[in-house]
1. Once the other residues with Cβ under 14 Å from the Cβ of N75 are scored (Lys, Arg +1; Asp, Glu -1), what is the net sum?
2. Nothing charged except the Cβ atoms of Lys and Arg (+1) and of Asp and Glu (-1): what's the magnitude of the dipole of the stretch 12-160 about its Cα centre? Round to the nearest 20 debye.
3. Identify, among L63, T86, S73, the residue whose Cα sits farthest towards the positive end of the charge dipole of the chain, taking +1 on the Cβ of Lys and Arg and -1 on the Cβ of Asp and Glu, with the dipole about the Cα centre.
4. I'd like the orientation of helix 2-21 relative to the chain: the angle between its Cα long axis and the longest Cα principal axis, in ° from 0 to 90, rounded to 10.
5. Where Rh is the Kirkwood radius over the Cα pairs of the stretch 53-160, the temperature 10 °C and the viscosity 1.306 mPa s, what D in µm²/s does Stokes-Einstein return?
Amino acid sequence: MLRRSILALAILAVLPAASFAGPFAAYGPHVGFSSGPDQFVVGGQLQWGDVAPNLDFVPGVDLGFGDNSTVVSLNGDFRYRLDTRTHWQPYIGGGVGIHFMSFNNPGPGPDASDTVAGGHFLAGADVATQGRSRFFVEMKLGFADSPDFKALAGWSFRAR
């Protein structure tokens, strides 16, 4: 348990330091739901654009509630933007996540917790709004110990 706590604190310490490595292009909140476990999900993300041509790095954090558990996920996603001639900008990608899980035991025994890692494939699209933001919808299909499915919608606000 101590090793997991140290790992979690190290990751949380690295995320702000990574933002000082170079300016991020956008930030914003997202909401949605997941399946496996069935949860309501809220979170946020940063976006570093064009780490390679048409490739964005998007780290984020999710907090899931429901299904007698709470899950905090730290994600590192890469999104490849597809070139289209429409208002909507589709993308595909993948990522990894570390998931800190807390289970509520409905019986007389104590609650339990676990830390697991997994990955996911993602597909989504975003569109410019009238302001300086972009609205996006995204779907993630998990493998290994990630949630089986996530559907998210959110906004990305330009940092500059």
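Only the coordinates and a few stated rules stand behind these numbers; no lab work does. Being a predicted model, the structure only gives us computed values, none of them experimental. Methodologically, a virtual Cβ is constructed for each residue, glycine included, from the backbone with ideal geometry; neighbour enumeration extends over all protein chains shown.
1. Values: positive: R79, K140, K150; negative: D56, D62, D77, E138, D145.
Taking every other residue near N75 into account, the sum is -2.
2. Details: 9 positive and 13 negative charges, 149 e Å.
It works out to roughly 720 debye.
3. Looking along the dipole axis, the top candidate is T86.
4. Result, in degrees: 10.
5. Details: Rh = 15.4 Å.
Answer from the Stokes-Einstein relation: 103 µm²/s.
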